[in-house]
1. Can you find, within region A:284-335, the residue that is most open to solvent (accessible area, probe 1.4 Å) among those that are small (G, A, S) and more than 13 Å from chain B (Cβ to nearest Cβ)?
2. Which one of these does B:R30 not meet: (1) open to solvent by 20 Å² or more (accessible area, probe 1.4 Å); (2) not in a helix (DSSP H, G or I)?
3. Could we say that B:S49 is facing chain A (nearest Cβ under 7 Å) and either at pLDDT below 90 or surrounded by fewer than 16 Cβ atoms within 10 Å (Cβ to Cβ) (or both) here?
4. Applying the selection to region B:60-75, what residues are under 24 Å from B:Y23 (Cα atoms) and at the interface with another protein chain (Cβ under 9 Å from one of its Cβ atoms)?
5. Which one of these is in contact with a helix residue (DSSP H, G or I) (Cβ under 6 Å, 6 or more places away or on another chain), open to solvent by 40 Å² or more (accessible area, probe 1.4 Å) and farther than 15 Å from B:S128 by Cβ: A:V188, A:V198, A:V177, A:V219?
6. I'm checking my understanding of the structure. Among residues of region B:109-130 that are over 22 Å from A:I182 (Cα atoms) and open to solvent by 10 Å² or more (accessible area, probe 1.4 Å), which one is modelled with the highest pLDDT?
7. I'd like to verify a number: residues in region A:72-110 that are under 38 Å from the mean Cα position of the chain (by Cα) and acidic (D, E), how many?
8. Here is a check on your reading of the model: is A:A232 in contact (Cβ under 8 Å) with a residue 60 or more places away in the chain, touching a helix residue (DSSP H, G or I) at 6+ places or on another chain (Cβ under 7 Å) and open to solvent by less than 10 Å² (accessible area, probe 1.4 Å)?
Amino acid sequence: MTSSSSSTTTSNNTTPGGPSLMETLFQRTVDDLIKGIRLHNPGSAQSSFISKSLDEIRREIKSTDLATKSIAVNKLTYLHSLHNIDISFAAFHAVELTSSPIFNFKKIGYLAASLSFSPSTDVILLLTNQLRKDLTSANVHDVSLALECISAICTVDIARDLTPDVFNLMTSSKNIVKKKAIACLLKVFSQFPDAVRVCFKRLVENLEKNDDQMLAATVGVFCELCSKEPRAYLPLAPEFYRILVECRNNWVLIKVLKIFEKLAKLEPRLAKKVVEPICDVMKRSEAKSLVFECVRTIVSSFYEYEFAVKLAVGKIREFLLESDLNLRYLGLQGLLIVGQHHLWAVLENKEIVIKSLSDVDRNIKVEALRLVMSMVSEDNVVEICRVLIGYALKSDPEFCNEILRSMLLTCSRNVYEIVNDFDWYVSLLGEMARIPHCQNGEEIEYQLIDIGMRVKDVRPELVRVGRDLLIDPALLGNPFIHRILSAAAWVSGEYVRFSRNPSEIMEALFQPRTNLLPPSIRVVYIHSAFKVLSFCLGTFLLPNKDANSSFSNLVDMEPGFTYSESEQEFTETEHGANSSSLHKKDMFTRESIANLLTLVITSLTPLADSHDVEIQERVRNLLGLALLAQQEISSHHEQKEKRIDWVGLKTYILIRLVNGALSEEFGPISSSAQERVPVPDGLVLEENLSKLDSICADVQLPISEKFSLVRPTYLPTDGDSLSSRQNEDESETSPAESTSLLAEHRKRHGLFYLPSDNNKNASTSFLPANDPDHIDKDVEDLVKLTEESLVLKRKPNQARPRPVVVKLDEGDRHPTIAVKKIESNDDLISGAVRDVLLGNEPLSQSNQLGKPSGRKKGKAHAKVDQGSELKDNTENSETGNSGKRRSKHRSHGKEKKHSDSGNNVEGREENGKEKSGGRHGRHKAKQSGGGIDVVDQKQVIPDFLL
Amino acid sequence: MGIRFILMVNKQGQTRLAQYYEYLTLEERRALEGEIVRKCLARNEQQCSFVEHRNYKIVYRRYASLFFLVGVDNEENELAILEFIHLLVETMDRHFGNVCELDIMFHLEKAHFMLEEMVMNGCIVETSKTNILAPIQLMDKAS
C-alpha cells in the first residue's frame, strides 16, 4: 500500500471539479481516513467526518494521477464495506484502475469492483474487455484477479462473452489459475447455462485426477450444482465413488458425502453401494467434522440400512456425551433427523435430551425441545405436556414461550390429532394462560374458540375453564392475557347454558378491573353479557319446554345447519327438557333476576357515552333490553300472585326472538368458503379491473383479517427482537502509537490469541469450546419424572372414547398453497448437464430441453434486469440465428442418434467428446418428444451398480 | 452456495470486515449485520457457536476482541466452518504475526485478498496457508 505520512487537512481553496496539485500532495491515505473515523465518536460526529471525507474523495478520484485515484478508490472501498456508504458513483473509476498495468492499482480496482458492483451497475459492460485481456495475460496474478472478479460479479453478458476464455484456462499448467477457473465456473453456469455445454467435460476430467487442490475446487462446484438438481449428476456416481474411497482430504470428503446424500435418495442401488464406504469413513476418521458429516448423510439418506443407522446413532451418542457444547448441539440435531425414521434412537437418549432442556444455551434448549416434541404421541402427550409446563414455569420468559408455542403447535396439528381427552387439553390451555410469562395469547385464544366450535362434548369443561379465567381479577392486569380473556368471555357467553351459575359469570364480566381491557376486547365482554342476560331472562320467563327447546335443538344440530326460527321446530323438540335446566329454572327467582338487571344497568350506564363506537353501540343494545325487562318485571312485582303470566310482556316476546337468534350455532369455516360461493349471472370478474393497477399501484390495501373466523396461519415470531441490545460505546482510543496499542491489546486479550506453536493440522483437529459444568438439582428430579412418563406405553383402556372433532374437508386452518414451479436457471443448467453427459440419449432430454434456447437466454437476461430495449433486440436476433443454424443440422443428428447407444461409463466418456453430435441429437429429440427421465437415468450407470 | 457471507465484528459490534458471496443491497446488509451482531454478541462463552438466523446458519467464534462470523447454508457442515475460521485466523496470524483487530482494520484489503484466495463463490478452494499467502507476499515484495 502506498502511504504518504501526512494527515494534514486539505485546503479547500481549489476550484471544484479537479484536484489541485496541493490536494494530490496532501491526500489523506487510507490509514489517515481510518484514524480520522476512529477519532470521531460514532454518531453525528463520525458521519459528518465521513461525508467530509467523501467530498474530498470525489475530487481526488477525478485526478489523472492513477496513484491518487487508487488511494481514493481504496478509501471508498473501505467506506463501502465497513460503513455501508453508497459508492456507485466511483464505479467507472474502479474500472479505469483495472486497466492499469501496475498490479497494485489493478488490484485495488478489481477489489472495489468485486465488493461494490451490483448486477445493475452499468459500467460492468466496460469491464468485459478488460477481463478478457487479463484472462489472457501471461501474469498468473492478473489472471487470478480477473477470475476472482468474475466469480464475484458475473453477469449474463460477461458469462456469455468470456466462457471461451475461462474454458481455455481450465487446462492451464498453473495450478492457481486452473483452480480458480474451475471455481469460477459455478457463477458462469448460473448466469449462462449454455456454458455447461462448453466446459462441463473438462470439469468432469478434473474429478478423475488425484490433485487435491483441483479436486477440492471441482467437488465444491459439483456439490453446489447437485444441491439444486441432483438427478442430472447421477451418471457421475462412479467418479464420486472413487473419490469417496480413495481421497484422504477431509474437505473434499465432506463435499462428496453431501453429493451422495442427494444422489442416494434418487437411486436405491447407489445407496446400497456407497453405504459401506461411508461407514468405513465414519469409523476411520479422527476429524469430528467428517464424522458428523457421515452421520448426517446416513441418518438423512441411508436410514433404511439398519447397521449404518446403529453406527451413526452410536456416534451421535458420543457427541451428546462430549463436554464440548458444539458437539452436543450437533448431536441433538443429528438425533432430530434420525428421529423422523427411527424414534427408538431418540428414546434411547431421552435422559440427555431432557437434561438439555435446562442447558444454559438457548440453542441447545431449543433443539432439545424439538426433540421432545418429536417424541409426542397420543399416548404420552398428557405426560409430556405436564413435564413441559413444569419447565416452562422455571424457564426464562423467552424459552418459556418457546415451550408453550411448541406445545400449542404440536397439540393442534392436524386438527388436534393427538388429543384424545379434550377436557384435559382445555384445562391445559387455561393453565398456560396463567403462566406469568405467557405471550401466546393469540394462539390460545384461537384454540379455545376453535375447540369450542369443533368439539361439542368439551363445552361444559370449556365454560368452566373460561369462568375460572374470567373470575380472576389478577389476570386482567396482564396485557398478554387479554386475548385469552376475550376467548374466555366469548365461550362463557356462547355456551352459557352449560354454566352452573350464570350470575357469577355476569359479575365477572362486569368486575371493575375490566376497564383495563382494550376496547376491542371489552366489546366481546359486553356482547357476552348480552348473551348471558338473554339466557337468564329466557330461563326465567319462558315456559320450561320453550326455554329448553331452543338449546336441545341446538345440541342435536350439526354445525353448518342453518337454524330456522319457525314455530314448528320449537314445538317439535319440546320434550327435550332435562334436569339441569329445571334446576336452573329454580335458580332464578324474581329477586335474582332483578339483581342481575340492576348489576347490568349500573355497570353499563357510565359506558353508554363511551368514545368507542363499538362499545357504545353494544352497551346501548344491552341497556335497552335490561331497562325494558327491569321495568316490566318490577311492575309485576307488585302483584302478589304466585303464578304470573309473562307471556303478554314485550320482554317475553323479545327474549324469545333473541334467544332464537342466538341459538344459531357457529361452526368452523373453511378458508376457501368464499370461493365456493357461485358467481352470479351477469357478474364478470377479472375484467377491466387490471386497468385499475395503474391507478392503484401506489395504494397499499390494508390486509383484512376479519372476513373469516379462520385466521391466517400463525407464525412464531422471532423472540430475539426482545433480547437486549448491547449498547457499548466505542471505547477505543486513538491509535497515535499503534505499536504500543497493539502490544497492550495483545496483553489484555492474550488468552484469545493462538498459541505460537500450533502444529495441529487444521483439517483433522477440532477445537472444543469451553464446557460448562452445571446441572441443577431439580433437573435431576425432572429427568426422573420424565423417565417414567416418556415410556411409550399404550393405555389398555381409554377412559372414554375420543369425542367427535368437526373437520372440514378442505381449506382448514393451513390452506395448502399450490407451489408453482418456476423455471429457473438451475433447471437449464441440469438440462445442459444431462445433455453433455448423456449426449446421445435423446429420450432423456425430451422433458428438460423441450424449450427453445432463445427462451432460455431471454429468461436469464430478464433476471438480471439490465436489458435496454436495443440490446434485447440484438439478443433475440442472435438467438434466432442460432436456432436456424441448429435446425440445419437436424438430419445429421438423426444418423448420430441411431449409431450411438452409449449407456455405460465408457460410453459417457465418448459422449462427452462427441458433444456436437449430442447437441444435434437433442434437437431431434425435441421432435420425437414424450419420454420419462427416471427410466433413462437408471440405464446410465448399471455397470457401476451391478 | 455454501458460505454466504463472512463478517468480522469487534466486541462493540462494529463491522471490521464484510465479505458477501451473494448480492445484497446496502440496506439489506446493514439490517442483516445489525441483527446478527445483536444475536451473537449477546451470547457468552458457555454457549455453542451456532446460531440460526433467518434462513442462514451462523457459525462464529471469538478471537481476542474480534468475532468471526460466517453465514452458511443450512446444509453446510458447521464443524468444517469452524475449522475454516480457525484456518483463516492462523493464516492471518502467519502473515501479520499475532493478528489483532487493528491489523485487519488497517490492512483490510489484504484480509480481502486472503479471503479471495480461500473462498470463491462461497466454496472453500484453498486450505494451504502457504498457497493462500503466496500472492500476497509477492505483492508485498513488489511494492
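1. As a first pass, look at region A:284-335 and keep what is small (G, A, S): A:285, A:287, A:289, A:300-301, A:308, A:312, A:314, A:323, A:331, A:334.
Next, only the ones that are more than 13 Å from chain B (Cβ to nearest Cβ) stay: A:308, A:312, A:314.
Numbers: A:A308: 0, A:A312: 0, A:G314: 34 Å².
Selected residue: A:G314.
2. With respect to (1) open to solvent by 20 Å² or more (accessible area, probe 1.4 Å); (2) not in a helix (DSSP H, G or I), B:R30 is out only on (2).
3. Values: facing chain A (nearest Cβ under 7 Å): yes; either at pLDDT below 90 or surrounded by fewer than 16 Cβ atoms within 10 Å (Cβ to Cβ) (or both): no.
Answer is no for this residue.
4. First pass over region B:60-75, keeping only residues under 24 Å from B:Y23 (Cα atoms): B:60, B:67-75.
Within region B:60-75, B:D73, B:E75 meet the criteria.
5. Details: A:V188 fails: open to solvent by 40 Å² or more (accessible area, probe 1.4 Å); A:V177 fails: open to solvent by 40 Å² or more (accessible area, probe 1.4 Å); A:V219 fails: open to solvent by 40 Å² or more (accessible area, probe 1.4 Å).
It is A:V198.
6. Taking region B:109-130 first, the residues over 22 Å from A:I182 (Cα atoms) are B:109-111.
Now drop any that are not open to solvent by 10 Å² or more (accessible area, probe 1.4 Å), which leaves B:109-110.
Numbers: B:E109: 89, B:K110: 92.
Here the answer is B:K110.
7. Final tally of qualifying residues: 1.
8. Numbers: in contact (Cβ under 8 Å) with a residue 60 or more places away in the chain: yes; touching a helix residue (DSSP H, G or I) at 6+ places or on another chain (Cβ under 7 Å): yes; open to solvent by less than 10 Å² (accessible area, probe 1.4 Å): yes.
So A:A232 passes the test.
The values are calculated or read from the model by the stated rules, or taken from the named source; none is laboratory data. Since this is a predicted model, take the numbers as computed values, not measurements. Counting neighbours? That spans all protein chains shown, and the Cβs are built from the backbone with ideal geometry, glycine included. Remember, those area values only see protein heavy atoms, side chains included, never the ligands or the DNA or RNA. Shrake-Rupley method; radii C 1.70, N 1.55, O 1.52, S 1.80 Å.
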